1. Kindly list the number of the only condition in (1) within 19 Å of the chain's Cα centre (by Cα); (2) over 25 Å from residue 191 (Cβ atoms) that fails for residue 118.
2. Here are some residues: 136, 107. Which one is surrounded by 12 or more Cβ atoms within 10 Å (Cβ to Cβ), part of a loop (DSSP other than H, G, I, E, B) and out of contact with any Phe, Trp or Tyr (no Cβ under 9 Å at 6 or more places or on another chain)?
3. Would you pick out the residues in segment 55-67 that are part of a helix (DSSP H, G or I) and either touching a strand residue (DSSP E or B) at 6+ places or on another chain (Cβ under 7 Å) or of a type in the set (Val, Ile, Thr) (or both)?
4. Look at segment 16-47 and say how many of its residues are at pLDDT below 95 and surrounded by 13 or more Cβ atoms within 10 Å (Cβ to Cβ).
Amino acid sequence: MGQETIKLTAIPAHEKGRDMPAHVAVICDGNGRWAAERGLPRLEGHRRGVEALRRTIRAASEIGVPYLSIFAFSSENWRRPAQEVSDLMMLLKVFVRRDLADLHAKNICVRIIGSRVGLAADILGLLAETEELTRNNTGMTLLIAFNYGGRQEVVDAVRLIARDVEAGLISSDDIDLTMVESKLYTAGVPDPDIVIRTSGEQRVSNFLMWQTVYSEFLFLPIYWPDFDRGALEMALEEYGRRERRFGGL
């Protein structure tokens, strides 16, 4: 798919506090196609995707977005060729080593959402180090969806509730929406107000299935390596134009 041209309209400085979403979620798609169209290896597309991630985190924090979620690596991504998976794990390690101190210095709290089952010990250590260092930071909360699947998240929540029922801590009559939400990976985080997906694909790909029932969606015809502050500001401006009724009038 070739890239289409879109007009990126920045938010005027005096309007940047207008209708600011509490939670912005991003499905980062198109690294491989970005590289293929330029005759580059897929790894280079993923490297440029990491650069886009840095730009986006910096921009969201500076603009004042309270919560930013990034779909970095899905539970289905393990099906990719072994070398590509190895390259992605390498990039994760480089990102943590290079950027963790900066994220901490910017007062950003990092949460990793996704299953930890079956992950290698060194990856588990990196995730734990990241969360522990930034746990008490009070600036933007950055949620990194790693080894994440939306359906599996709901299954894991149901299992936790079932265990509480089996232990006699609660009865089945106690189960309600609030209880389920409290068992999700995102417990305590507001649902996304807007979900942005790059590359022009128009699907959610098993991302935050429970949390996005009333989210606004914006599908951008640019690949993730080309996403920048201008694209983020354009998305926020589009969000500000939408009327959200949550089923009401």
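The values are calculated or read from the model by the stated rules, or taken from the named source; none is laboratory data. For clarity, every value in this text was computed on a predicted model and none was experimentally measured. Cβ coordinates were reconstructed from backbone atoms using ideal geometry, including for glycine residues, and neighbour counts include every protein chain displayed.
1. (1)
2. Values: 136 fails: surrounded by 12 or more Cβ atoms within 10 Å (Cβ to Cβ).
Criteria check complete, one pass: 107.
3. Initial filter on segment 55-67 (part of a helix (DSSP H, G or I)): 55-63.
Scanning segment 55-67 gives 56, 57, 60, 63.
4. To start, the set of residues in segment 16-47 that are at pLDDT below 95 comprises 16-20.
Subset that is surrounded by 13 or more Cβ atoms within 10 Å (Cβ to Cβ): 16, 19-20.
Selection size over segment 16-47: 3.
Here's the yes/no breakdown for (1) more than 30 Å from residue 237 (Cβ to Cβ); (2) loosely packed, with under 12 Cβ neighbours inside 10 Å; (3) modelled with pLDDT of 95 or more; (4) not β-branched (Val, Ile, Thr):
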| site | (1), (2), (3), (4) |
| --- | --- |
| 150 | no, no, yes, yes |
| 164 | yes, no, yes, yes |
| 173 | yes, yes, yes, yes |
| 181 | no, no, yes, yes |
| 190 | no, no, yes, yes |
| 205 | no, no, yes, yes |
| 210 | no, no, yes, yes |
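Okay, residues lined up against (1) under 27 Å from residue 30 (Cα atoms); (2) of a type in the set (Val, Ile, Thr); (3) touching a helix residue (DSSP H, G or I) at 6+ places or on another chain (Cβ under 9 Å); (4) not in a helix (DSSP H, G or I):
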{"site": "69", "(1), (2), (3), (4)": "yes, no, no, yes"}
{"site": "72", "(1), (2), (3), (4)": "yes, no, yes, yes"}
{"site": "76", "(1), (2), (3), (4)": "yes, no, no, no"}
{"site": "89", "(1), (2), (3), (4)": "yes, no, yes, no"}
{"site": "101", "(1), (2), (3), (4)": "no, no, yes, no"}
{"site": "125", "(1), (2), (3), (4)": "no, no, no, no"}
{"site": "145", "(1), (2), (3), (4)": "yes, no, no, yes"}
{"site": "160", "(1), (2), (3), (4)": "no, no, yes, no"}
{"site": "163", "(1), (2), (3), (4)": "no, no, no, no"}
